[in-house]
1. How big is the gap, in Å, between the Cα center of the stretch 236-260 and the Cα center of the stretch 313-356?
2. What is the distance in Å between the Cα centres of the stretch 276-300 and the stretch 11-48?
3. Taking amide H positions as placed 1.01 Å from N in the peptide plane, with prolines and chain starts having none, which residues 5 or more places from Cys339, or on another chain, fall under 5 Å of its amide H?
4. Quick check for me: using +1 on Lys/Arg Cβ and -1 on Asp/Glu Cβ, what's the dipole size of the stretch 277-389 about its Cα centre, in debye to the nearest 20?
5. Please list, in chain and number order, the residues 5+ apart from Gly44 or on another chain whose amide H is under 5 Å from its amide H, with Hs placed from the backbone.
6. Could you sort Tyr387, Tyr218 by their accessible area in this structure, using a 1.4 Å probe and putting the largest first?
7. Once Rh for the stretch 277-389 is found with the Kirkwood sum over Cα pairs, what is the Stokes-Einstein diffusion coefficient at 4 °C and 1.567 mPa s, in µm²/s?
8. Can you give me the three principal axis dimensions of the chain from its C-alpha atoms, in Å, biggest first?
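The values are calculated or read from the model by the stated rules, or taken from the named source; none is laboratory data. Since the structure is predicted, the reported quantities are computational estimates derived from the model, not experimental observations. Neighbour counts are summed over all protein chains in view; Cβ atoms, including those assigned to glycine, are modelled from backbone coordinates with ideal geometry. To get the accessible areas, we keep the full protein, side chains included, count just its heavy atoms, and leave off ligands, DNA and RNA. Shrake-Rupley method; radii C 1.70, N 1.55, O 1.52, S 1.80 Å.
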Amino acid sequence: MEMDESELLFNLFYLLLCMCVIYPPDEFGRLGLTIEQLFSRWLGEEHLNFVRYHQKRTSLNLFIHSCLPATYFLIHRFKFSVFTEYDDLEEESDLDPDFPMPQEAVAFKTLTWKVAQRFSLMAVLAVPALICNWYQQNWKRHPITLTLQKFSNVPHSTAQVESDIGNEFRRPDIYKKKLNSISTVIATENWIIKTSLYNVNFAHQSDTALSVAKTETYNVSQDTNDTLQMVSIMVKTNRAGVADFHIRINALEFRNLEERITRPIVIPSNIQFHRNVIDRFIDVFKEQVTLNPIYKADRITDKCFACMVAEPNIKIHKQCADVDRNGQPLSTDNCCTNCYCRPMWCVECLARWFAARQNDHEREVWLEQKCTCPMCRAKFCLLDVSYIEKPAVAPPATGGEPASSGNDNDNNS
C-alpha cells in the first residue's frame, strides 16, 4: 500500500507540469509553450479583436485547466495499480502494526480517491457545457459580454463598446504592463483593463475612482540593500453591477501608469512609496549618511541653495580612505578632495544632485561612485557626507541685571 518511488516521481512531475500550465514561467513563453501560443491560430490576434480574443482565451484556459485532474487520474489508472485492489486484505501484513484501524484508513483513502475521480469527471463534462452556453448567440452569455453590457447605451448589445475598446487598444500610446504570468493591466484613453486567467475586468475612466490601498516592500538582496516595492491600487467604478478590482504594480511603474490615466490616483497620507528610481535612491542615500560621523558646523545658510525650502542639514568633508572595494589605493584622479564650502544643502537635494551625475545603466553601483560639490566642484563620495550638528544659539540678554544695578544705586544714596 505504500507509494513506490516511480509513483512519487510521477506525482511530483505532474504537479510541476500543472503549475507550469496554469502559471507559465518566462521560459515557457520564450519556447512558445503557453496556452495562448499553442492555440494562437484559434484565438486570433489580440489587437484585431480585443474582446473576442479574451472571450476565447478565458474559455480555453478554463477548459484545459479543468482537464488536468481527469488527465492525472487517467494516466495513473493505466500506469499504476494503486487504490484499485484495496479489498485484498493480504496487504494488511505490510502495514505498520502500530497504525490504528488499518481497514478504516484504507476505506477512507479509497473513498477519497473515488470521490476525487468523480469530481474530475464531472468537471470535464460540466465545463464544456458551460463554454457552449457562453458561445451561443455570438458569446452573448460570456461573463465579459455581461460586464460590457453595463457600459453599453444600447440594451442587449455590446458591439459599440467592443469596437471602442478595440480601437483604443490598437493605438500606440496605451499603457500595457504584464503584472505576473497570468495578469496584465492595460490603460487606454478611456479604459482601465485588467486581464486574468478566467476573466477580464473593465473600468471606464469617466466614472472610476482610483486610490492606493497599500504598499509592500521586499528585500531583494541583503548584500546590496536592494529592495522591491509593490503598490496595490484599488479601482472602484461607480457603474452599477461592475465589480471593483485591484492592480498590483511595481512602485517604479506607478508614474507611467499615472501619466496614462486621466483620473487622479488618491494616495493616503499614511502611505509612502518610491514613484521612481530617484526617490528610491534618496531613501537609501539618507540611510547611508546616517552611518557617517556627525559634523559640528560653525555656521550654516538659512535655506538650502537648491530648493530654498528646507534648512541645510549636511556637510561635505573628506573622511574616506581613498581605497577601492578590494582595499587597493585609488589613483590620484579618482581620490576625493576637501570641500571648504559651508553647509548649504539639504540631504534630499544633494542626493538628487548625486544621482543626476551617475550612469543610468549602472544603478546597482551608484552608491560606490563619486560626485562633485555643486559649488566648488570638489570630488566626494557617500562616505564624505555627514549630517550636521547645528551651532548653539546664544540666549538673548535679559533686562534683570541693569534693573538690579539701578536699585543698588538708590540704596547707596
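1. What the calculation gives is 41 Å, centre to centre.
2. Each part reduced to its Cα centre gives a spacing of 47 Å.
3. Here the answer is Lys318, since their amide H atoms fall under 5 Å of that of Cys339.
4. Working: 15 positive and 16 negative charges, 70 e Å.
So the magnitude is around 340 debye.
5. Distant-sequence amide H within range of Gly44: zero hits.
6. I get Tyr218, Tyr387, largest accessible area first.
7. Values: Rh = 14.4 Å.
The Stokes-Einstein estimate is 90 µm²/s.
8. Principal extents (Cα only, largest first): 123, 71, 62 Å.
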